[in-house]
1. Which percent of Cα pairs goes in each bin when the distances of region B:93-227 are cut into 10 angstrom slices starting at zero?
2. Please list the helices of chain A that count as membrane-span-like by this rule: a mean Kyte-Doolittle hydropathy of at least 1.0 together with Cα atoms stretching 27 Å or more along the helix axis, each helix being a complete DSSP H run.
3. For A:ILE435 and A:PHE151, what does the FRET efficiency come to when R0 = 35 Å and r is the distance between their Cβ atoms, rounded to the nearest 0.05?
4. How many nm is it between the label spots at A:LEU181 and B:ASN158, if each spot is 7 Å from the Cα in line with the beta carbon?
5. If you wrap a convex hull around the Cα atoms of region A:354-489, how much volume per residue is inside, in Å³?
6. Past 26 Å, Cα to Cα, is the threshold; run A:LYS101/C:LYS56; A:LYS87/A:LYS240; B:LYS57/B:LYS157; A:LYS389/C:LYS43; B:LYS157/B:LYS190 against it and keep the listed order.
7. Would you kindly compute the Cα radius of gyration of chain B and its largest Cα-Cα separation (Dmax), both in Å?
8. Run lengths n ≥ 4 of DSSP H only: what is the helix-derived mean residue ellipticity at 222 nm for the protein assembly as shown, with -39500 (n - 2.57) per run over all residues, to the nearest 500?
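Values in this text are rule-based calculations from the coordinates and carry no lab data. Remember, it's a predicted structure, so these values are computed and weren't measured experimentally. Cβ sites come from the backbone with ideal geometry, for glycine too, and all protein chains shown count toward neighbours.
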Amino acid sequence: MQNNAALEYDYTIAKMFVFSTILFGIVGMVIGTLIAAQLAFPELNYLLGEYGTFSRLRPLHTNGVIFGFTLSGIWATWYYVGQRVLKVSMAESPFLMAIGKLHFWLYMLVMVLAVVTLLMGITASKEYAQLEWPLDLLVVVVWVLWGLSIFGLIGIRREKTLYISMWYYIATFLGIAMLYLFNNMAIPTQLVTGYGSWLHSVSMYAGTNDALVQWWYGHNAVAFGFTVPIIAMIYYFLPKESGQAVYSYKLSLLSFWGLMFVYLWAGGHHLIYSTVPDWMQSMGSVFSVVLILPSWGSAINMLLTMKGEWNQLTENPLIKFMVLASTFYMLSTLEGPIQSIKSVNAIAHFTDWIPGHVHDGVLGWVVFMIMAAIFHMAPRLFNKELYSKSLVEKQFWLQTTGIVLYFSSMWIAGITQGMMWRAVDEYGNLAYSFIDTVTVLHPYYTIRAVGGLLYLIGFFMFAYNIYKTFASGKEVDGSTLQNKTPMSA
Amino acid sequence: MFHWLEERPFFFAVGVFVVIAFAGLIEILPNFAQASRPIEGLKPYSVLEIAGKEVYKKDNCIACHSQLIRPFKSETDRYGMYSLSGEYAYDRPFLWGSKRTGPDLHRVGNYRTTDWHENHMWEPTSVVPNSIMPAYKHMFSNIADIETAYAEALTVKNVFNVPYDQDINGDGNVDVALGSWEDARAQALKEAEAIAADMKNQDVKDAVARGEIPEIVAIIAYMNRLK
Amino acid sequence: MNDIYEYQGYAYFFFTVFLTLILYGYIIHLYRSEKKGIRDYEKYGKMALDDEITDKPIEEKSEQKKSVDDTDEKPKEQ
């Protein structure tokens, strides 16, 4: 703090990714709300002709929120937190700066191509790995660029020890790299035979093997995309915003390594009652249950960080977002293992309980944490006070209501449907035809769509708040800000 | 001893990688050889059926339909014999699905027919009132990509030794012929004609007569094959 | 063919035991070395709080690369 006003953190890239986070958040959630409404009101399938059916749009929603919104959020925070915990500025390395810009623009290109190809129905049809092979190759390049950025920045760091968040960012990078590469192995048919469309490919794996690889990927992509990097964020932003150092650094070490090992075992639980060997299924279940322990280690660590500081919960809406996020994290990491218990899975699998589970995790934990992070970063990125505190408060309650409507309706819908599929009459014949089990869900599908709409409105409030902060917030000097994020009433 | 890792990013990364890669190795690799063995007499998909599977992928029916019958009485009563690993040996990619907004389709060919599908795909509610399945009218005018389907069949034949142009059941005849692109196209058209004959949509019939195969014909061929 | 399942079982079992031992060894090690005063782990938690580029690192990476405070000139950008 003496003679060097000269060197400052450089947030150019972080700002770009904040922009894409909001953009893809809006796109992904608008489509999500639309397809939720389509299940309640099928007429909505015909708004865009061939391109507007539930089935065409669903991959657009999932890819938009996973690879658009969440990845952007991860990178926005990486280009912010990375510099700060390593105590080195991007401005010190023109090379890393160039890599960062390339990273962003290539990523945007991939996303545009992804939207176009998915709308056209060009898909490899594996869940969360729909993109065809040329796009997969581009994704790999984007990923390598991020790797260069991580390890490049680490290479020129001042702080010798890597902070907790760094471990999680590194694990995200490695985990996704491995999963994505193996799952997307495919052979382009045009290159092999000279016939047909050059975009088409055929999977390297067939049938049951393909399923094994896919759910190994599917489950763990959730681990390394929705859990690990979000933990990276909360380990930085919660202590920073509250001014409390993390409750126990030792506990964070343990939960990290525990999570790394155990998480990957749990992939088998997606295959319960299919054709994979029995023991593997049992192991999958057991380990999913064991999973609760290390994953709660992180959440408990976060809650204990707030020990003696709970007044902040009422005073600071950002703390509210983050504490609720850790709570939802605990809820969904408890719910997941419960669903993987064999007898529960027999009912829950294939039903709406599964999307219900996914959404209490993503809406409550992932999106809340990313929004809190952006709220915290905005004044520091733009040197402006956050535009409106009361808007943040309103948004919080609106979205929380949305989540509750979403998961409660899907729990009921899932269990109802699971029970009806197996119900028999007094003679042992199936009691319901399939369509009976569909029409009964109409009210729940409607409630879910309303919940989604509330959440979406909340997201627009968030976007508006950030936009106003940038456009007309009160000036502050971002580099002198204390822990608590400044906001106008 | 352990703090060492957090100061050395390279070894830290190696450590993380070893730990996460290990589970994958143990979970997946050992089962590969066995799980890929087809059941006795399993026939590969014809070119028209592959084209239909591509339509199934393109319009992403997997978003609402599974193809995996679990070994419970309630499921076998509803859908038929439970699914066996070897039945999927030629499925690339697998299409088990993860959500049953609509019923399982793994054996739909046993109980639904060409004309039923024709009506249902055109307007589901005309067959099943209150259905929430979208209508897929565009399949009646879009033309299926038979050449790409041929490319796929040829690829799996050459790369994975899928038994095209072979006698599988030992009756002395080739079971699923592939041959050259001209042969395959002629064969696909022949199968398409048989399906179009059971349909009533005149545009579809005309297209097939012209030598073009609408998507609806291909997807019906595929669903009839699911048994 | 069946052999491989056996190996799988063993490999799985022993590796699990091994990792469990490591994890628990780790716990013991962490608490011991803090009790003995060899290392204070909790100070690293401060990394998130004192994260201005002008703050002094908890531990310098190397002698050559001093914290910003000690260097006299740095490129200015923006």
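1. With a bin width of 10 Å, the distribution comes to 11, 35, 36, 16, 2.
2. On the way: long enough: A:12-40 (43 Å, 1.88); A:94-120 (39 Å, 1.95); A:133-155 (32 Å, 1.99); A:164-183 (29 Å, 1.39); A:317-340 (34 Å, 0.83); A:389-422 (50 Å, 0.31); A:442-472 (44 Å, 0.68).
Within chain A the helices that satisfy the rule are A:12-40, A:94-120, A:133-155, A:164-183.
3. Working: r = 55 Å, r/R0 = 1.58.
Between A:ILE435 and A:PHE151 the formula returns 0.05.
4. So the two model labels end up 2.7 nm from each other.
5. Values: hull volume 13.0 nm³, N = 136.
Normalising the Cα hull of region A:354-489 by residue number yields 96 Å³.
6. Values: A:LYS101/C:LYS56 29 Å; A:LYS87/A:LYS240 15 Å; B:LYS57/B:LYS157 21 Å; A:LYS389/C:LYS43 33 Å; B:LYS157/B:LYS190 21 Å.
The answer is A:LYS101/C:LYS56; A:LYS389/C:LYS43.
7. Both quantities, over Cα of chain B: 21.8, 78 Å.
8. Values: 32 runs with 483 residues, N = 794.
Value at 222 nm, helices only: -20000 deg cm²/dmol.
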